[in-house]
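Working notes, structure below.
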Amino acid sequence: MTVDHGPTPVPAPAPPTITRHPSLTVPGISSSTRVRAGDLVFLSGQTASLPVPDSFRDELASAFSALGAALSQAGASRENLARITLYVVDLPSRSLDDIREVRDAWLVEDCLPASSFVGVAALALPGLRAEIEAVAVV
């Protein structure tokens, strides 16, 4: 006679590994700009190279270039982006068309991530007008 003890328990999956990658950061603000949790890579705010370009469009293009470098260091590319958030100082005075043009020229048309624009009063360093956070799937 066979006794049925119900379904065989399935072991719980291992929790995702979280890896923090130190890189060049602003002292006192962050010690890690990339954090990987399982298949997700979280990229903290990427900004233009200093000195900040005079043109807002050039600053935004430089921030996207920094995002590309951070993605590459994480073994990803713009095709892997799932979400981006653009923080813009004094957003009402900026042209959303300009922001979209710079963003869309950098992104891959067939792989557009979810995207948000957030207006802020200031960013971490004086003179910065744009910062980009991102989440990628690798």
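Where a number appears in this text, it was derived from the coordinates with a stated rule and is not lab data. Keep in mind it's a predicted model, so treat the numbers as computed, not measured. Cβ atoms come from the backbone with ideal geometry, glycine included; neighbour counts cover every protein chain shown.
Taking R0 as 22 Å, what's the FRET efficiency between VAL108 and THR85 from their Cβ-Cβ distance, rounded to 0.05? Each step should come with its number before you reach the end.
On the way: r = 18 Å, r/R0 = 0.82.
Efficiency, rounded to the nearest 0.05: 0.75.
Working note: Debye formula, equal point scatterers on the alpha-carbon atoms of region 31-137, no solvent; log10 I(q)/I(0) at q = 0.11, 0.18, 0.24 Å⁻¹ is -0.31, -0.83, -1.43.
Between amide H atoms placed 1.01 Å from N, distances below 5 Å from ALA74 occur with no residue 5 or more places distant or on a separate chain. Beta bridges from DSSP with both residues in region 31-137: antiparallel share about 70 percent, rounded to the nearest 5.
Placing unit charges on the Cβ atoms only, positive for Lys and Arg and negative for Asp and Glu, gives region 22-138 a dipole magnitude near 360 debye about its Cα centre.
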